[in-house]
Amino acid sequence: MTNPEFKWKHFAPEIILWCLRWYGSTPMSYANLSDMLAERGVSVNRSTIYRWNIEYAPSLRKKLRRYQFIRMGSSWQLDETYVKVKRKWFYLYRAINKDGETLDFYFSKKRNKNAAYQFLKRCLKHYALDKQPKTLNIDKHSSYANAIARLKKEGRLRENIEQRQIKYLNNGIESDHAPIKKLLVATGGFKIQKRAWSTIQGFESLRMLNKGQFDFWLRHDERKTIVRERSAFMNRLFNIEVVFQ
């Protein structure tokens with residue numbers, strides 16, 4: 001049965017999910033994606049693809065959240081990168097574990113202690129105290145120290161956590177920013193914060209999927225079919241079954 005989320009759409013759900021998957025995985029414009037579909041005999045205006053992305057990217061993030069494992073890890077790396085919205089800089093806070101898996105992300109208009117607090121609280125929400133990391137690797141911005149102290153005082157963060165501000169220890173997340181930045185550059189910029197956040201949720205969700213963070217849920221995980229299986233898993237999230245030949 002087709003997910004009612006696709007009710008009244010003029011295109012098959014598979015085509016909508018193609019666009020969501022391709023746009024969120026490869027640096028390209030909506031015009032590029034429209035041309036790719038045209039080569040396959042599907043005529044879709046770029047503005048239609050844009051609306052699909054804005055509508056379904058946040059939904060994908062919510063659906064994937066249910067399947068994301070809560071792993072115990074000895075250390076996390078936290079950092080932020082810049083995103084321009086209507087000629088102003090916004091901040092995308094991101095966190096990964098020692099294995100490079102994305103833990104969570106947070107989009108903020110400001111880079112201050114409250115933004116750091118909201119981000120770290122968001123990351124810790126699914127972790128009991130005994131499952132929290134022993135170490136947080138952060139940059140030298142003072143906002144993190146304030147956030148950590150506040151979370152400890154509230155009992156949300158373990159008291160004996162180690163806070164490290166050594167630059168080379170954050171090389172992992174600095175490298176992990178690169179694929180997201182390439183996707184952001186390809187958008188040509190944003191004009192509305194809400195639309196930027198919706199798009200980023202799609203980018204980050206597809207990044208997590210392509211990293212293999214949900215491979216446990218695949219029906220087959222052979223290397224030669226892994227891309228198709230990840231696509232099929234994403235389709236199943238929306239109750240869309242596609243049989244690959």
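The values are calculated or read from the model by the stated rules, or taken from the named source; none is laboratory data. Keep in mind that what you see is a predicted model, and the values were worked out from it rather than measured. Heads up, the Cβs are rebuilt from the backbone with ideal geometry, glycines too, and the neighbour counts pull from every protein chain shown. Remember, those area values only see protein heavy atoms, side chains included, never the ligands or the DNA or RNA. Shrake-Rupley method; radii C 1.70, N 1.55, O 1.52, S 1.80 Å.
Here 127, 168 are screened, and the one residue that is part of a loop (DSSP other than H, G, I, E, B), open to solvent by 20 Å² or more (accessible area, probe 1.4 Å), aromatic (Phe, Trp, Tyr) and under 29 Å from residue 91 (Cα atoms) is 127.
Could you pull out the residue among 51, 46, 61 that is under 28 Å from residue 123 (Cα atoms) and of a type outside the set (Phe, Trp, Tyr)?
On the way: 51 fails: under 28 Å from residue 123 (Cα atoms); 46 fails: under 28 Å from residue 123 (Cα atoms).
When all the criteria are applied, what remains is 61.
Pairing each residue of the stretch 201-230 that is open to solvent by less than 90 Å² (accessible area, probe 1.4 Å) and assigned to a helix (DSSP H, G or I) with any residue that is at pLDDT below 95 and aliphatic (A, V, I, L, M), provided the two are 6+ apart or on different chains, yields C-beta distances under 8 Å for 215/226; 226/218; 229/218; 230/218.
So which of 115, 95 is surrounded by 15 or more Cβ atoms within 10 Å (Cβ to Cβ), touching a Phe, Trp or Tyr at 6+ places or on another chain (Cβ under 9 Å) and not in a strand (DSSP E or B)? Show your work before the answer.
Details: 95 fails: not in a strand (DSSP E or B).
Selected residue: 115, the only one of 115, 95 that is surrounded by 15 or more Cβ atoms within 10 Å (Cβ to Cβ), touching a Phe, Trp or Tyr at 6+ places or on another chain (Cβ under 9 Å) and not in a strand (DSSP E or B).
Pull out all pairs, ordered by first then second residue, where Cβ-Cβ is under 7 Å, the residues are six or more apart or on different chains, the first lies in the stretch 1-20 and is under 25 Å from residue 32 (Cβ atoms) and of a type in the set (Lys, Arg), and the second is in a helix (DSSP H, G or I) and open to solvent by less than 60 Å² (accessible area, probe 1.4 Å). As it stands, the answer is 9/16, since those pairs meet every condition given. The combined condition, being without any contact (Cβ under 8 Å) to a residue 60 or more places away in the chain, on the phi < 0 side of the Ramachandran plot and in contact with a helix residue (DSSP H, G or I) (Cβ under 7 Å, 6 or more places away or on another chain), is fulfilled by residue 117. The helices (runs of 4 or more DSSP H) located wholly in the stretch 1-82 that include 1 or more residues which are hydrophobic (A, V, I, L, M, F, W, C), over 21 Å from the mean Cα position of the chain (by Cα) and exposed (fewer than 14 other Cβ atoms within 10 Å of the Cβ) occupy 30-39. Within the stretch 132-165, the set of residues being in contact with a strand residue (DSSP E or B) (Cβ under 9 Å, 6 or more places away or on another chain), open to solvent by 30 Å² or more (accessible area, probe 1.4 Å) and of a type outside the set (Gly, Ala, Ser) comprises 134, 139, 141, 162, 163, 164, 165.
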